Amino acid sequence: MGEQTVVVAGTGAAGIVLPLLAAMLKQLRTARDELLTQVEALVEAHPLHLVLTSMPAVGVRTKARIITEVSVKEFQTAGHLASYAGLAPVTWRSGTSIRGDHLSKKGNKSLKRAFFLSAFAALKDPLSRAYYDRKRAEGKRHNQALIALARRRCDVLFAMLPNGALYDVPTTKIT
C-alpha cells in the first residue's frame with residue numbers, strides 16, 4: 001500500500017516567519033544583557049551601593065529598585081518608609097466591625113515586591129532564617145512571616161540610610 005501525505009496550509013509561511021522570530025529574540029536578549037550591564041554600572045556608582053551590598057540577599061535588581069524608590073525621598077521614621085512600601089499593617093474598620101491587622105493594599109508595589117523577594121532570598125542567612133522561624137512558631141503562615149521579615153529588613157535599611165552605615169551582624173540576640 002502507498003503512504004498518504006498531508007500538506008498543512010501555512011507550513012511554507014512558518015519556514016519564513018520562524019527564522020525571523022528567532023533573530024528578533026536573539027537581538028532582544030543581546031539588548032537586555034547590554035541594558036543590565038548599564039544598570040549594574042549605574043547602581044555601582046550610586047552612594048547607597050555599598051550600604052545595600054552589605055545587606056544579605058540584596059541583588060543588583062533589588063538594589064536598583066530600592067535606589068530608585070527610596071534614595072530621593074525623605075522618611076521621618078521607619079514606619080513611614082514601611083507605609084510607603086506597603087509593608088505596614090492596617091486595621092479594617094466598617095461601622096462597628098473592626099477586623100485585625102492586615103497587609104496594606106496601598107503603597108509602592110514595586111518597592112514592596114523588592115523587599116519581599118529580598119526577604120525570601122534572605123532565608124539563607126542564619127539571622128534572617130531565625131527571625132522567620134520565630135514568626136512561624138508564633139503561628140504566622142509562610143507569607144505572613146516573609147512579610148514580617150521584609151518589614152524588618154525595611155527597618156534595618158531605614159536605620160542604615162541617614163549616615164550610610166554598613167550592615168553589621170549583631171552580636172547580641174535580637175527579639
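The values are calculated or read from the model by the stated rules, or taken from the named source; none is laboratory data. Small disclaimer: the values here were computed from a predicted structure and weren't measured. Here the Cβ is made from the backbone with ideal geometry for all residues, glycine too, and neighbour counts use every protein chain on show.
Please indicate, with yes or no, whether at least one residue in the range 75-85 is over 30 Å from Ala148 (Cβ atoms) and either in a helix (DSSP H, G or I) or touching a His at 6+ places or on another chain (Cβ under 6 Å) (or both). Checked the range 75-85: no residue is over 30 Å from Ala148 (Cβ atoms) and either in a helix (DSSP H, G or I) or touching a His at 6+ places or on another chain (Cβ under 6 Å) (or both).
Table: residues versus (1) in contact with a Gly (Cβ under 7 Å, 6 or more places away or on another chain); (2) surrounded by 10 or more Cβ atoms within 10 Å (Cβ to Cβ); (3) within 22 Å of Ala150 (Cβ to Cβ).
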residue: Val6; (1), (2), (3): no, no, no
residue: Ala23; (1), (2), (3): no, yes, no
residue: Leu50; (1), (2), (3): no, yes, yes
residue: Ile67; (1), (2), (3): no, yes, yes
residue: Val70; (1), (2), (3): no, yes, yes
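Val39 falls short on exactly one of the conditions (1) touching a Leu at 6+ places or on another chain (Cβ under 7 Å); (2) assigned to a helix (DSSP H, G or I), and that condition is (1).
Can you confirm whether Ala82 is farther than 13 Å from Leu111 by Cα and among the small types (Gly, Ala, Ser)? No: the conditions fail for Ala82.
This table checks each residue for (1) of a type in the set (Asp, Glu); (2) out of contact with any strand residue (DSSP E or B) (no Cβ under 8 Å at 6 or more places or on another chain); (3) assigned to a helix (DSSP H, G or I); (4) at pLDDT 90 or above.
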| residue | (1), (2), (3), (4) |
| --- | --- |
| Ala114 | no, yes, yes, no |
| Tyr131 | no, yes, yes, yes |
| Leu149 | no, yes, yes, yes |
| Val156 | no, yes, yes, no |
| Gly164 | no, yes, no, no |
| Val169 | no, yes, no, no |
| Lys173 | no, yes, no, no |
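Would you confirm whether any residue within the range 7-28 is of a type outside the set (A, V, I, L, M, F, W, C) and part of a loop (DSSP other than H, G, I, E, B)? So far as the range 7-28 goes, yes, one or more of its residues are of a type outside the set (A, V, I, L, M, F, W, C) and part of a loop (DSSP other than H, G, I, E, B). Of all residues in the range 92-109, none satisfies being surrounded by 10 or more Cβ atoms within 10 Å (Cβ to Cβ), in a loop (DSSP other than H, G, I, E, B), at pLDDT 85 or above and of a type outside the set (D, E, K, R).
Looking only at the range 52-61, which residues are surrounded by fewer than 20 Cβ atoms within 10 Å (Cβ to Cβ) and assigned to a helix (DSSP H, G or I)? The answer is Thr53, Ser54, Val60, Arg61.
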